[in-house]
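Data block below; observations after.
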Amino acid sequence: DAGVTQSPTHLIKTRGQQVTLRCSPKSGHDTVSWYQQALGQGPQFIFQYYEEEERQRGNFPDRFSGHQFPNYSSELNVNALLLGDSALYLCASSHQQVGGTEAFFGQGTRLTVV
Amino acid sequence: DAKTTQPTSMDCAEGRAANLPCNHSTISGNEYVYWYRQIHSQGPQYIIHGLKNNETNEMASLIITEDRKSSTLILPHATLRDTAVYYCIVRLSNFGNEKLTFGTGTRLTIIP
């Protein structure tokens, strides 16, 4: 089992550009969540996808959007990049069940906006 | 989700038990306590979670006070590889809520 895989691992973009990050969930998982982690901070929840729909969203602007595909993989898109979008972007996958479930995280994509 | 309070940093000697405290005085009856850790430059790693009873797995033990207002994560025999930031998270675990609200965590340093 490959676990959660994210691509690319590192990315450099120019302010104003658009970026797409990709995530493949752990086998058997149907839910994907995205987090942004600025340097020295804990991860901040961006949004979550289940059954190809956005189900929960954190306090992030509409420039942040996503998609989930029928095979449960997901993409995070960020438009009109700002310098402040530089961060580690983490994808987490889980399986829906009542009573609590652990989320498995990928290694993240390090985005640098210059 | 209830707010948690953790010490900013802690040290522990290698081979000793590391006890990481967490306060969650506003926790509600249907909120779980989760622990994750993040080793430098890696994604967070799930450790353990519990509702009201103490829990143990191959990585750690979780002790939750009877009033559920605080908990302690115990790493029984700390090794250098346990050096990481440890996050205590309280979360509703109703179906459909997978959001994790991370604070700044406790930076645990294992001393040789």
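What follows is calculated from the coordinates using simple rules that are stated; it is not laboratory data. Model, not experiment: these values are computed from the prediction. Virtual Cβ from ideal backbone geometry, glycine too; neighbours counted across all protein chains shown.
Just checking the output field for A:18-29: average partner chain Cβ neighbours within 10 Å of each residue's Cβ?
Shielding by partners across A:18-29 averages 0.
Can you give the Rg/Rh ratio of segment A:1-50, where Rg is from the C-alpha atoms and Rh is the Kirkwood radius?
Expressed as Rg/Rh, it is 1.00.
B:Val85: net charge of surrounding residues, Cβ under 13 Å, Lys/Arg +1, Asp/Glu -1, itself excluded? Present the calculation step by step, with values, prior to reporting the outcome.
On the way: positive: B:Arg37, B:Arg107; negative: B:Asp82.
So the environment of B:Val85 carries a net charge of +1.
Please give me, ordered by residue number, the trypsin sites (Lys or Arg not before Pro) of segment A:16-114 that lie in loop per DSSP and have at most 14 other Cβ atoms within 10 Å. Walk me through the numbers before you get to the answer.
Details: sites: A:Arg22, A:Lys26, A:Arg55, A:Arg57, A:Arg63, A:Arg110; in loops: A:Lys26, A:Arg63.
Qualifying residues, ordered by number: A:Arg63.
With the crude spin-label approximation of a point 7 Å out along Cα→Cβ, what separation in nm comes out for A:Gln18 versus B:Ile63?
5.4
Which Cys in the protein assembly as shown stand alone, with every other cysteine's Cβ at 4.7 Å or more from theirs?
Unpaired cysteines in the protein assembly as shown: B:Cys12.
In nm², what is the average projected area of the convex hull enclosing the Cα atoms of chain B? List each step's numbers first, then the result.
Values: hull surface 26.7 nm².
If I average the Cα hull's projected area over directions, I get 6.7 nm².
Rounded to two decimals, what ratio of Rg to Rh does the protein assembly as shown give with C-alpha atoms and a Kirkwood Rh?
Result for the protein assembly as shown is an Rg/Rh of 0.97.
Where Lys and Arg each count +1 and Asp and Glu each count -1, what net charge lies around A:Asp85 among other residues with Cβ under 10 Å from its Cβ?
On the way: positive: A:Lys13, A:Arg15, A:Arg63; negative: none.
Net charge in that neighbourhood comes out at +3.
Can you give the Rg/Rh ratio of chain A, where Rg is from the C-alpha atoms and Rh is the Kirkwood radius?
0.95
If you filter segment A:1-94 for GluC sites (Glu not before Pro), then keep DSSP loop positions with at most 14 other Cβ within 10 Å, what is left? Please list the in-between numbers first.
Details: sites: A:Glu51, A:Glu52, A:Glu53, A:Glu54, A:Glu75; in loops: A:Glu51, A:Glu52.
Passing both the DSSP loop test and the Cβ count: A:Glu51, A:Glu52.
Using 0.36 nm per residue, how much length does the chain from B:Asn53 to B:Ala13 gain when fully extended, once their Cα-Cα distance is taken away? Please list the in-between numbers first.
Working: separation 40, 0.36 × 40 = 14.40 nm, distance 2.81 nm.
Here the segment from B:Asn53 to B:Ala13 would lengthen by 11.6 nm.
Between the alpha-carbon centers of segment B:1-54 and segment A:44-114, tell me the distance in whole angstrom.
23
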